[in-house]
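What follows is one structure encoded as structure tokens, with my remarks underneath.
The values are calculated or read from the model by the stated rules, or taken from the named source; none is laboratory data. Treat the numbers as computed from the prediction; the structure is a model and nothing was measured. Cβ coordinates were reconstructed from backbone atoms using ideal geometry, including for glycine residues, and neighbour counts include every protein chain displayed. We work out accessible area using only protein heavy atoms, side chains counted, and drop any ligands, DNA or RNA first. Shrake-Rupley method; radii C 1.70, N 1.55, O 1.52, S 1.80 Å.
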Amino acid sequence: MKIAVIGATIIDIVTYVDEVPKYGEATTAKDFHIACGGKGANQAIAAKRLGADIMMISTVGEDLF
């Protein structure tokens, strides 16, 4: 099966804190990691894992990531 996915490919920056800060409160993250994400990218990966032939169509931003 061939599938074309048109959607977002993004970089997720995930932080880890001891507790969720209250509205307006600042906190320090203990750790973080960077992962690939985006609704379109996630759907393309899932379809590929199920055996589909995938074409991913997205845009490239001008930021660091």
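General remarks:
- Checking the stretch 55-63 against the condition returns no match, with no residue being hydroxyl-bearing (Ser, Thr, Tyr) and in contact with a Pro (Cβ under 7 Å, 6 or more places away or on another chain).
- Residue that is modelled with the highest pLDDT, among those in the stretch 44-65 that are part of a loop (DSSP other than H, G, I, E, B) and open to solvent by 80 Å² or more (accessible area, probe 1.4 Å): Leu50
- Scan of the stretch 3-21 for residues that are surrounded by 13 or more Cβ atoms within 10 Å (Cβ to Cβ), assigned to a loop (DSSP other than H, G, I, E, B) and β-branched (Val, Ile, Thr), ordered by number: Thr9
- Within the stretch 22-43, residues that are surrounded by 10 or more Cβ atoms within 10 Å (Cβ to Cβ) have Cβ atoms under 9 Å from residues that are of a type in the set (Asp, Glu) and part of a strand (DSSP E or B) in these pairs: Ile34/Asp12; Cys36/Asp12; Gly37/Asp12; Gly38/Asp12, counting only partners at least 6 apart in sequence or on another chain.
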